[in-house]
Amino acid sequence: VQGGQDNPLLDKLFAALKSASSEQAAAPVEARIWALWTDSGADEIDRLMAHGIAAMGAGDFSAADAAFTTMVEQAPGFAEGWNKRATVYYLMGAFDRSTADVEKTLALEPRHFGALSGLGMIRLQQDDEAGALEAFERALAIHPNIAGATSHIRALRVKLKGRAI
């Protein structure tokens, strides 16, 4: 399976994302990146992706977990499979399992701002403010207009000011 993260269009899109002047200007670029990341290029994997996303949207986390687990077993080189399962684990409160899948995602696609932002959210849930700040700052370095990260960073910097990080 040629993972979505291997699409040659991504380099140009990441450059456009970095130079976008606002969240509004970045939105269509971000949407295109997500579309490419989510497209595995293999029909069965794409069916599992659609099924898992639908199950997650319906709040059926066990069905989503099953679909995404089958996906990562069948296509372990497909970063978005790991990222989606990390999201389900986060929603289930399984933060260590979520972190492990975020790490797999980032090993396959180091520019995955969604996984980095998710890692920031995991760290917040674990009361690891310094770890959360680092993750959000890494996401912001890739996607300067990423929704939410800036406000988290601002709040964390205020909280951590004067503390050794």
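A few notes on this one:
- Mean projection area, nm², convex hull over Cα of the range 68-115: 2.8
- ³J(HN,Hα) computed for each position of the range 91-101 - Karplus, 6.51 cos²θ - 1.76 cosθ + 1.60, integer Hz, glycine/proline x: 4, 7, x, 8, 5, 5, 5, 4, 4, 4, 6
- 18 Å Cα-Cα reach of residue 104 towards lysines, excluding residues that sit fewer than 8 places from it in its own chain: 84
- Normalised contact order of the chain, rounded percent, pairs of Cα under 8 Å and 6 or more residues apart: 19
- Rg/Rh for the range 53-165, where both radii come from Cα atoms and Rh is the Kirkwood radius: 1.01
- Exposed-site-free run, longest, the chain (rule: trypsin sites (Lys or Arg not before Pro); DSSP loop; at most 11 other C-beta within 10 Å): 1-160
- The label-point distance for residue 161 and residue 11, in a model that sets each label 7 Å from Cα toward Cβ, rounds to 4.2 nm.
- Kirkwood hydrodynamic radius of the range 12-62, from inverse mean 1/r over distinct Cα pairs, in Å: 12.7
- Using θ = phi - 60° and Karplus 6.51 cos²θ - 1.76 cosθ + 1.60, couplings along the range 134-146 (whole Hz; Gly, Pro as x): 4, 5, 5, 5, 5, 5, 5, 5, 8, 10, x, 10, 4
- The range 1-122 - convex hull of the alpha-carbon atoms, volume per residue in Å³: 99
- Across the range 73-79, coupling constants 3J(HN,Hα) worked out from phi with the 6.51/-1.76/1.60 Karplus curve, θ = phi - 60°, read 5, 7, 9, x, x, 9, 4 Hz, and Gly and Pro carry x.
Read the figures in this text as sums done on the coordinates, not as results from a lab. Just so you know, these numbers come straight off a predicted model, no measurement behind them. We place every Cβ from the backbone using ideal geometry, glycine too, and count neighbours over all the protein chains shown.
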